[in-house]
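This report refers to the structure that appears directly beneath it.
The values are calculated or read from the model by the stated rules, or taken from the named source; none is laboratory data. Source: prediction; values computed, not measured. As a convention, Cβ positions derive from the backbone with ideal geometry for all residues, glycine included, and neighbour counts pool all protein chains shown.
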Amino acid sequence: MLFCDTEERTLPNITSTNSISTALLVFARTPQADARLKSFVRGGGAHQNLQVATALLEHTLQEARDSGMSVFWLDGSQQYGDTFGERLANAMEAIWSKGFDQQIVIGSDIPELDASILRNAEDRLKENEWVLGPSEDGGTYLIGMRRSAYDRQAMLDQPWLTASVFESLQSNLAGHPGCVLSELADIDTAADLIKVTHRVDTPFVLLLKSLLAPQKHNTRKPFARPITNRSFATKALRAPPALAA
């Protein structure tokens, strides 16, 4: 396994959110959909669960925007395909169709993911054809790829949503030069979130920790409105191109 060099490097000056060659795809459900499918707060109510889901997506989108890359957020309503692999492959191909040379794909459930990690991944793609960020549960929190390393069938064949995704992706990409980022934790359950809040003390994780506190008389309104794809200034992929038969 070739790990990405973690030394400080001089990154290109980024003065706008429109990187010429790299797209950043946030492949994530809306907070409302995520809160229905996941339980982030042990013993918490629906409102508290939604607060956590909203905070996670807000954090992801803000760090994505701060990375300086062109950001595309595809929520569930903009994804199409019968399986996770099909939906992801179709989304990535919609990005390629816009002329990008490389793209980075992330979800919205990695509290430690920040703009510096995203910029580092983009920088690694200048020297490699792929970069992967492994998650602690065997999955992957980041997939960075040049167009030359992309293979639709390989993406469809991955054991998505299992503990062997990272190893499988790395094996499939072995014929191309690449490297691996540091491991981070993703948040799928209340236990995952508690574990992260016990060992990480970044400002965002401290915010998440505050949202786990009992809220018997909740008067706090940290989020003024639900996040929708329209409420964040990304470049939405409204109509992914039809794929050739």
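Of the residues ASP188, ASP201, only one is within 17 Å of the chain's Cα centre (by Cα), modelled with pLDDT under 95 and either under 24 Å from GLN62 (Cα atoms) or surrounded by 15 or more Cβ atoms within 10 Å (Cβ to Cβ) (or both); which?
ASP188
Could you give me the residue pairs with C-beta distances under 7 Å whose first residue belongs to the range 126-139 and is at positive phi, whose second residue is exposed (fewer than 14 other Cβ atoms within 10 Å of the Cβ) wherever it lies, and which are 6+ apart or on separate chains?
If the second residue must be exposed (fewer than 14 other Cβ atoms within 10 Å of the Cβ), the pairs left are GLY138/ALA163; GLY138/SER164.
If we scan the range 1-15, do we find a residue that is at pLDDT below 95 and either among the aromatic types (Phe, Trp, Tyr) or part of a helix (DSSP H, G or I) (or both)?
Yes - at least one qualifying residue is present in the range 1-15.
Being part of a helix (DSSP H, G or I), at negative phi and touching a strand residue (DSSP E or B) at 6+ places or on another chain (Cβ under 9 Å): is that true of PHE166 here?
So PHE166 fits the description; yes.
Here are some conditions: (1) part of a loop (DSSP other than H, G, I, E, B); (2) without any contact (Cβ under 8 Å) to a residue 60 or more places away in the chain. SER182 meets all but one. Which one does it not meet?
Unmet condition: (2).
If you go through the range 117-138, how many residues are out of contact with any Phe, Trp or Tyr (no Cβ under 6 Å at 6 or more places or on another chain) and either under 20 Å from TRP73 (Cβ atoms) or in a strand (DSSP E or B) (or both)?
Final tally of qualifying residues: 8.
Just to be sure I understand the filter: pairs with C-beta atoms under 8 Å, separated by 6 or more residues or on different chains, first member in the range 64-84 and more than 14 Å from GLY144 (Cβ to Cβ) and without any contact (Cβ under 8 Å) to a residue 12 or more places away in the chain, second member surrounded by 16 or more Cβ atoms within 10 Å (Cβ to Cβ) and small (Gly, Ala, Ser). Which pairs pass?
Filtered contacts from the range 64-84: GLY81/ALA89.
Limited to the range 139-167, what total is found for residues that are touching an Asp or Glu at 6+ places or on another chain (Cβ under 8 Å) and over 22 Å from VAL26 (Cβ atoms)?
Here the count works out to 2.
Output the residues belonging to the range 140-157 that are of a type in the set (S, T, N, Q) and touching a residue at least 12 places away in the same chain (Cβ under 8 Å).
THR140, SER148
Among the residues of the range 166-179, is any surrounded by 14 or more Cβ atoms within 10 Å (Cβ to Cβ), touching a residue at least 24 places away in the same chain (Cβ under 8 Å) and in contact with a Cys (Cβ under 6 Å, 6 or more places away or on another chain)?
yes
Can you pull out every residue in the range 72-100 that is of a type in the set (Gly, Ala, Ser) and assigned to a loop (DSSP other than H, G, I, E, B)?
GLY81, SER97, GLY99
If you go through the range 22-47, how many residues are within 22 Å of ILE194 (Cβ to Cβ) and either among the polar types (S, T, N, Q) or part of a strand (DSSP E or B) (or both)?
Of the residues in that region, 1 qualify.
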